[in-house]
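Peer 1: Quick one: structure below, then a few questions.
The values are calculated or read from the model by the stated rules, or taken from the named source; none is laboratory data. None of these values were measured; they are calculated from a predicted model. So basically every Cβ, Gly included, is an ideal-geometry build from the backbone, and we count neighbours across all protein chains shown.
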Amino acid sequence: MSQFFSIHPDNPQPRLIQQAADIVRKGGVIVYPTDSAYAVGCHIGDKAALERVRQIRRLGPDHNLSMLCRDLSDLGTYAKVNNSAYRLLKASTPGPYTFLLPATREVPKRLVHPKRKTIGLRVPDNNICRDLLDALGEPLMTSTLILPGESDPLSDPYEMRELLEHQVDLVIDGGYCGLELTSVINLEHDAPEIVREGSGDVSIFS
């Protein structure tokens, strides 16, 4: 049976944030709000938790997984970023974007795209995410909470608890946060490529 925390979206309660971080550290899978839609996540180094996320989403091995990061210093640790990419990242983070970048050796192999050797990285503009990442002291493996057979993410935390109470360890109710997916920007090469246009202004990448 999953736990259920109601966390204030503007002023997250530190005690609940710390408890959520502890659940992640112990191998838990959590549902939480972002600046685009609700997501499901786990510790980046926990193989068993990652497999649970893959089962919930029914993700194949070629799905590009993402890491939720606190700021650009995390991006530099886990991805190879050239000067032009860094300028774009600085101008657009935090925000509802997922950036595809060449992964460094700091990224666990199971999170790296097997063919392209890339990782998706996010710096969200969401207080709950930011406080959770601060409490963890490291990134979080993340995937938008879209259930198999559905085209839109789940948006009602009470429905999430009902559907996933035996599959996740915690559902964070952070209020309504939207249904639009992040925009996905490929920064592997000199010219940025808009892979998916979603939430956020993508004109800066055109």
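Peer 1: What are the pairs, 6+ residues apart or on separate chains, where a residue within segment 107-129 that is over 12 Å from Ala79 (Cβ atoms) has its Cβ under 6 Å from a residue that is among the acidic types (Asp, Glu)?
Peer 2: Pro124/Asp35; Asp125/Asp35; Asn126/Asp35
Peer 1: Considering each of Asp201, Asp152 in turn, give the residue that is modelled with pLDDT under 95, among the acidic types (Asp, Glu), touching a Leu at 6+ places or on another chain (Cβ under 8 Å) and over 21 Å from Glu51 (Cβ atoms).
Peer 2: Unique residue meeting the criteria: Asp152.
Peer 1: Of everything in segment 83-109 that's touching a helix residue (DSSP H, G or I) at 6+ places or on another chain (Cβ under 8 Å) and within 12 Å of Ile185 (Cβ to Cβ), which residue is surrounded by the fewest Cβ atoms within 10 Å (Cβ to Cβ)?
Peer 2: Result: Ala91.
Peer 1: So which residues in segment 3-45 are closer than 17 Å to Pro94 by Cβ and either in contact with a Ser or Thr (Cβ under 7 Å, 6 or more places away or on another chain) or of a type in the set (Gly, Ala, Ser) (or both)?
Peer 2: If the condition is that a residue be closer than 17 Å to Pro94 by Cβ and either in contact with a Ser or Thr (Cβ under 7 Å, 6 or more places away or on another chain) or of a type in the set (Gly, Ala, Ser) (or both), then Ser36, Ala37, Ala39, Gly41 are the ones that fit.
Peer 1: Continuing with the same structure: When segment 178-206 is examined, which residues are found to be touching a residue at least 60 places away in the same chain (Cβ under 8 Å), part of a loop (DSSP other than H, G, I, E, B), closer than 30 Å to Pro102 by Cβ and within 18 Å of the chain's Cα centre (by Cα)?
Peer 2: Selection gives Gly178, Glu180, Leu181, Leu187, Gly198, Gly200.
Peer 1: Every residue in segment 50-82 that is closer than 11 Å to Val29 by Cβ and touching a helix residue (DSSP H, G or I) at 6+ places or on another chain (Cβ under 8 Å), please.
Peer 2: Within segment 50-82, Leu50, Ile56 qualify.
Peer 1: Would you mention how many residues in segment 17-48 are of a type in the set (A, V, I, L, M) and free of Cβ contacts under 8 Å to residues at least 40 places away in the same chain?
Peer 2: Matching residues across segment 17-48 total 1.
Peer 1: Ok, one more. Could you run through segment 96-124 and say how many residues are of a type in the set (D, E, K, R) and closer than 19 Å to Val31 by Cβ?
Peer 2: 1
Peer 1: Please work out which residue is farthest from Pro192 (Cα to Cα), limiting yourself to segment 35-91 and to residues that are among the polar types (S, T, N, Q) and not in a helix (DSSP H, G or I).
Peer 2: Ser36
Peer 1: Among the residues of segment 103-122, how many are within 17 Å of the chain's Cα centre (by Cα) and closer than 17 Å to Ile194 by Cα?
Peer 2: Residues in segment 103-122 being within 17 Å of the chain's Cα centre (by Cα) and closer than 17 Å to Ile194 by Cα: 5 in total.
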